[in-house]
Amino acid sequence: MSFRIDLTGKVALVTGASQGIGAQMARTFHSAGATVLLNHPDLVTTRADAERVAAELNSARPGGAMVIAADVARADAVQAMMQTIRQQCGGLDILINNAAIIRDRTIAKMSLDEWKAVLDVDLNGVFHCCKFGLEIMRDGGAIVNMGSIAAIQGFFGQ
């Protein structure tokens, strides 16, 4: 059984969209007709990866993908990102909270800065995106918060 979801006219923001699952979700939303905003934290490698995915999508449907940098760990950066989305796209229909970082270490070896960085991106980032994303979300919008298998079954160092 196969069916097609039509997201034409919808705007979808995928955080952590420069690679892996985020990039694939961006491709899926784009293929369903949505305008896809690929968020990344504005590091050299993530910027290049996000731009590569956006170029791929825009070659299939020009104007269907945009790269938008913001470190989701920073509330001010997320708020600015959402205002840019409002100005450029008129609002948001779909928010996928996918951005995450891993610092695989035992507690004894993990620094306090590493612990804080993980919580800032993986937890506070979701809060920031939900809080400021709701301010620009259109009626009928949706938020999806991604999680890791490590939340269900821990692994050594996680």
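The values are calculated or read from the model by the stated rules, or taken from the named source; none is laboratory data. Treat the numbers as computed from the prediction; the structure is a model and nothing was measured. Methodologically, a virtual Cβ is constructed for each residue, glycine included, from the backbone with ideal geometry; neighbour enumeration extends over all protein chains shown. These area figures cover heavy atoms from the full protein model, side chains too; ligands, DNA and RNA do not enter into them. Shrake-Rupley method; radii C 1.70, N 1.55, O 1.52, S 1.80 Å.
When you restrict to C-alpha pairs under 8 Å that are six or more residues apart and normalise by the size of the chain, the relative contact order lands at 23 percent. Among 98-109, 9-20, 58-69, the peptide with the highest mean count of other Cβ atoms within 10 Å heads the list, and the full ranking is 9-20, 58-69, 98-109. If only the Cβ of Lys and Arg carry +1 and only the Cβ of Asp and Glu carry -1, the dipole of the chain around its Cα centre is close to 200 debye. Based on DSSP H segments of at least four residues, each scored -39500 (n - 2.57), the chain has a per-residue ellipticity at 222 nm of -13000 deg cm²/dmol. Pairing the Cα long axis of helix 20-31 with the longest principal axis of the chain, what angle in degrees results, from 0 to 90 and rounded to the nearest 10? Between helix and principal axis, roughly 10 degrees. Dipole orientation for the chain: of the candidates L119, T45, S31, S31 has the Cα lying most toward the positive pole (charges on Cβ; Lys, Arg +1; Asp, Glu -1).
Straight Cα distances below 23 angstrom link K131 to the lysines K10, K116, with same-chain residues fewer than 8 positions distant left out. Rolling a 1.4 angstrom probe over the protein heavy atoms with all chains in place gives the chain an accessible area of 57 Å² per residue.
Note on the chain: with neighbouring protein chains present and a 1.4 Å probe, carbon and sulfur make up 58 percent of its accessible heavy-atom surface. Taking Cα atoms only, the orientation of helix 75-89 departs from the longest principal axis of the chain by about 10 degrees.
Modelled spin-label separation between L123 and E51, with each label point placed 7 Å from Cα along the Cα-to-Cβ direction: 3.5 nm. For D42, D6, D49, the ranking by accessible surface with the largest value first comes to D6, D42, D49, using a 1.4 Å probe.
Once you reduce segment 133-149 and segment 31-45 to the center of their Cα atoms, the two points are 15 Å from each other.
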